[in-house]
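The values are calculated or read from the model by the stated rules, or taken from the named source; none is laboratory data. The structure displayed is predicted, hence computed values, not measured ones. As a convention, Cβ positions derive from the backbone with ideal geometry for all residues, glycine included, and neighbour counts pool all protein chains shown. We work out accessible area using only protein heavy atoms, side chains counted, and drop any ligands, DNA or RNA first. Shrake-Rupley method; radii C 1.70, N 1.55, O 1.52, S 1.80 Å.
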Amino acid sequence: MTTLNATQLNPQYVNNLDKWSLVRDAVNDDVEKNAIAKEYIIKPAGMSEENYKAYVKRAVFKNFVGQTIDVQKGAAFNKEFEFTGPDGSDLPESLAYLVDNVDGSGTSLEDQIKSVGQDVFSVGRIGAMVEYRPGGNGSKADSNRAKIVTYTAESIHDWEESYTIEVDNKLIYVLLVETYSKLVKGSRTDVERKIELKIDEEGFYIQTITDDGQIMGEPSMPLLGNGQRMDFIPFKFIGADNNKPDVSRSPMFKLATINLAHYRGDADKRTNIHLFSVPTVGFKLDPNVTIQEFAINNKLTNEAGEIVKPLQVGGVAYIGAEAVYAQASTDAFLLTCQDADVQDMIKLGAQVIAEGHAETAEAARIRKAAGTASLGDMIGNIEGAYDDLFMWCSMMNNKSGQADEFEFNMNKKFFDDRLTPQMLQQLSALALSNQIPQQTIFKAMKRDGSLGVDDEMEFDDFVAMIQEQAELNPALNLDE
């Protein structure tokens, strides 16, 4: 076996790794856990370690980012995707098994797509590869069918595209690096696995896997179902902006940054309250009484100046002195800054979903989420990537090497904007009184499937139904 060189890192990977880390900590509610290790709360100059830990521990992280992702996932996946054969028929054999076991380890397609969605909505990047389950290079045996495996943005260390005259923008190299736990002589240790995907000198796809720096067997040459070698790498980048190999911007990074500032402000606010919320008690002596006389008269010391009992605050009145209470007010400036951070986070959410009609209650809730990329665009990127992934699975499973036809459509209607009974009644009244065209209400009803108006119905059929109803009920005169 040969030891490979150290892993290289794409410059885009290096530039974005810290962003991904911050966003993931926010999404997973790990900001407080890593507050000191990753300096999410900065240590003030001169503060002792003990006081710094107390300063950090007082702060509470209010997770706007995680809540935003939950809202986006709820909106995006409130309806199931459609994955069928042509015209709604059953899925072909080359794809049907993916619904229940997409990655060979029992993960359903629905669960995988939701997981992919979370990464796209948050860090804006994830990878997916089609490969064979252990056992060979393709056959109809279930153990050898193609599977779809996902890789986080952090595990995609390097990549390269071809820009030659003959082939433009073709993916020719991907380096995946993962760490997994392994028992070695009774002790568990972390092992680094590298998966190198590349197009070789002959123009064909080749895959090399190493564990702990050692190449595992011979490089594999995955085949299509007809036994031909692939001339492409079956790997898809899925991003927030597009599905190009270049790193997309992280949709949640701006929100995570402001959320972190809000967390730091909370540390200052709570420390301020801790230090100054309890009043300070002082004693104002009578100008005609000295300190020594005050102490002797109140039997705090004896004539020799020796302490008899300590000064007590509360429940005791002292001769020759007036108790004074001083309490610093916590500055409202900190609260104002935190409120401004919250408003900034809400404003960022205005671009999550854009709709061209009056905002519904659900849309208003989504608007409070955050992100700078359109949720519809991100769903479209996921849908487009899986179109290719499914096609490759079919090509690798079929003995012909050709892809079967299928239909895959994800939900792009993110909240319920169907006609309410009140709106339908008002539109009907306007149409019947000729204040709006009948075609207007027909389009609205067809969109929602209201009152039996489905996708197959044409406007002429709709008018005929109304006329038929009028003939059956002579009391209704639609021409008046």
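Details
- Set of lysines near residue 309 by C-alpha distance (under 25 Å), chain-local residues within fewer than 8 positions excluded: 284, 299
- Computed FRET value (nearest 0.05) for residue 42 with residue 161, which takes r as the C-beta separation and R₀ as 51 Å: 0.80
- Rounded to the nearest 20 debye, dipole of region 92-131 from Cβ charges on Lys, Arg, Asp, Glu: 220
- Shown in residue order for region 457-465 are the 3J(HN,Hα) couplings computed by the Karplus curve 6.51 cos²θ - 1.76 cosθ + 1.60 at θ = phi - 60°: 6, 9, 4, 4, 5, 5, 5, 4, 4 Hz (x for Gly and Pro).
- Between the amide H of residue 230 and those of 205, 224, distances stay under 5 Å, these residues lying 5 or more places away or on another chain, with hydrogens modeled in the peptide plane.
- 1.4 Å probe accessible area per residue over region 167-223, in Å²: 59
- With a threshold of 18 Å on the Cα-Cα distance, the over-threshold entries among 170/412; 73/412; 236/412; 33/57; 19/236 are 170/412; 236/412; 19/236.
- Computed 3J(HN,Hα) for region 214-228, one whole-Hz value per residue from the Karplus formula 6.51 cos²θ - 1.76 cosθ + 1.60 where θ = phi - 60°, is 10, 5, 8, x, 7, x, 8, 10, x, 10, 6, x, 8, x, 7, glycine and proline marked x.
- Cross-link reach list, lysines versus residue 185, counting only Cα pairs under 26 Å and skipping chain neighbours closer than eight places: 194
- Amide hydrogen proximity for residue 285: with H placed 1.01 Å from N in the peptide plane, the residues at 5 or more positions away or on another chain lying under 5 Å are 322.
- C-alpha center-to-center spacing [region 184-207, region 230-285] in angstrom: 35
- Loop sites in region 41-100: GluC sites (Glu not before Pro), DSSP, at most 16 other Cβ within 10 Å: 80
- Shown in residue order for region 30-47 are the 3J(HN,Hα) couplings computed by the Karplus curve 6.51 cos²θ - 1.76 cosθ + 1.60 at θ = phi - 60°: 9, 5, 5, 4, 9, 4, 8, 4, 9, 6, 5, 10, 6, 6, x, 4, x, 7 Hz (x for Gly and Pro).
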